[in-house]
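Every number in this text was worked out from the coordinates using simple rules, so none of it is lab data. Predicted model only: the values in this text are computed from it and were never measured. Counting neighbours? That spans all protein chains shown, and the Cβs are built from the backbone with ideal geometry, glycine included.
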Amino acid sequence: MKFSISREALLRPLALVAGVVERRQTLPVLSNVLIQVDQDQLALTGTDLEVELIGRTVASQVDEPGAATVPARKLMDICKSLPDQAEIQLSLEEGRAVLRSGRSRFTLSTLPVAEFPNIEDSQGSVELSLPRGVLKQLIDATSFAMAQQDVRYYLNGMLLEIRSNLVRAVATDGHRLAVSSRPAEVQVEPAQKLIVPRKGILELVRLLDDGEEPVSLTLGASHVRAHTGDFTFTSKLVDGKFPDYERVVPRGGDKIFIADRAELRQVLSRTAILSNEKYRGVRLNLEEGNLRVMANNPEQEEAEENIAIEYSGPAMEIGFNVGYLVDVLNAIDEDRVQMTLADPNSSALMEEPGGGDALYVVMPMRL
């Protein structure tokens, strides 16, 4: 293997592919990136056995096609530290990868290509394509609510539900729920439900922009594969049953108020400074035309803020984890937010005024 490539052509795919590679690995070869050169095409592959990402780029010159695996982080750090527009030459010499650029020379260890695992092609049962922007917006609107290391492993990911003319993303960690739906020109029978693990979602969204360019998805029994631009992303699916989120959405709350989203977010963020660091609870006092937000902590410190809202109804007090409310306000795109409450022990429903593409449910906390 021997080829030349510009630093910029190598760096973007390498940075994304290296993001998949975990720092601590069970198998040494998993901390490497697989480099394959054929004609003038260069493919870089990184995997952690759950998520695999292949990035493609064009080499400026290929002297010898071939393949090698080299340490992903070291290769990326070397490329980053080289000057802009540098030309990089990479070759395999006596079982080691030698990188030359200008007056620099680096020799990197390699591991056998045969040891590099590839996620086997499962028979893709369903193929469809979605606009990149739609998929990105769905993930951006809901991903904050995914659980991190819950024993209910199916919560450590996102449910993607694809049915004819509709795509929906759902995430919950048991304390809050985010649901976002978008119309899409897809025909799927029967409806498909897949749980993509948290890491898969976070890596996939790095590949997406707001463009209209389609992403082609292949849904298999145990994997989902996405092709976008020069990248092919594959993730294992979580095997499990996602909770019935429709039952969690509160219906029939009679106390509905509308507030300025940015102002409410600032009020909550300021009040949070004096909330209990462990529980992060704030109290909302709902009054006609006004919302009073209060917090205190074990050091007897207190914060109180008032914000004008659109509300005419009975007064009520309810407690929340302030972080959950702020996350929702960050995810909503509109200038104003609508919140529907029933009583101090029932979950709150947050959405755009009049309802929109997304809805959010936050459980209250006793204070």
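Estimated from helices alone, the mean residue ellipticity of the chain at 222 nm is -5500 deg cm²/dmol (sum of -39500 (n - 2.57) over DSSP H runs with n ≥ 4, per residue). Here the contact order of the chain, divided by its residue count and restricted to Cα pairs under 8 Å and six or more residues apart, works out to 13 percent.
Cut-off 16 Å, label point 7 angstrom out along Cα-to-Cβ of Asp150: give me the residues of region 246-283 whose amide nitrogen falls inside. The answer is 246-250. For the peptides 20-29, 315-324, the ranking by mean Cβ contacts within 10 Å, running from highest to lowest, is 315-324, 20-29. Pairs spanning more than 32 Å between alpha-carbon atoms, out of Lys74/Lys136; Lys74/Lys241; Lys74/Lys193: Lys74/Lys241; Lys74/Lys193.
Which semi-axes, in whole Å and largest first, does the equivalent ellipsoid of region 1-141 have when worked out from the alpha carbon gyration tensor as the square roots of 5 times its eigenvalues? Let's see the in-between values first.
Working: eigenvalues 146, 67, 47 Å².
They are 27, 18, 15 Å, listed largest first.
For the pair Ile307 and Asp335, a Förster radius of 22 Å applied to the C-beta separation gives a FRET efficiency near 0.95, rounded to the nearest 0.05.
To the nearest ten degrees, helix 132-142 and the longest principal axis of the Cα atoms of the chain are 50 degrees apart. Qualifying GluC sites (Glu not before Pro) in region 55-95, where qualification requires a DSSP coil assignment and no more than 12 other C-beta atoms within 10 Å, comprise Glu94.
To the nearest 0.05, how large is the calculated FRET efficiency for Val126 and Leu166 if R₀ is 22 Å and r is the Cβ-Cβ distance? Each step should come with its number before you reach the end.
Details: r = 15 Å, r/R0 = 0.67.
Once rounded, the FRET efficiency stands at 0.90.
Each of [x] 11; [y] 26; [z] 32 is a candidate for percent of Cα pairs over 39 Å apart; the one calculated from this structure is [z]. Taking the Cβ-Cβ separation of Gln266 and Glu8 as r and a Förster radius of 56 Å, what is the calculated FRET efficiency to the nearest 0.05? It comes out at approximately 0.90.
So how do 101-107, 217-223, 175-181, 343-349 stack up, highest first, on mean other-Cβ count within 10 Å?
Those peptides, ordered most packed to least, come out 175-181, 217-223, 343-349, 101-107.
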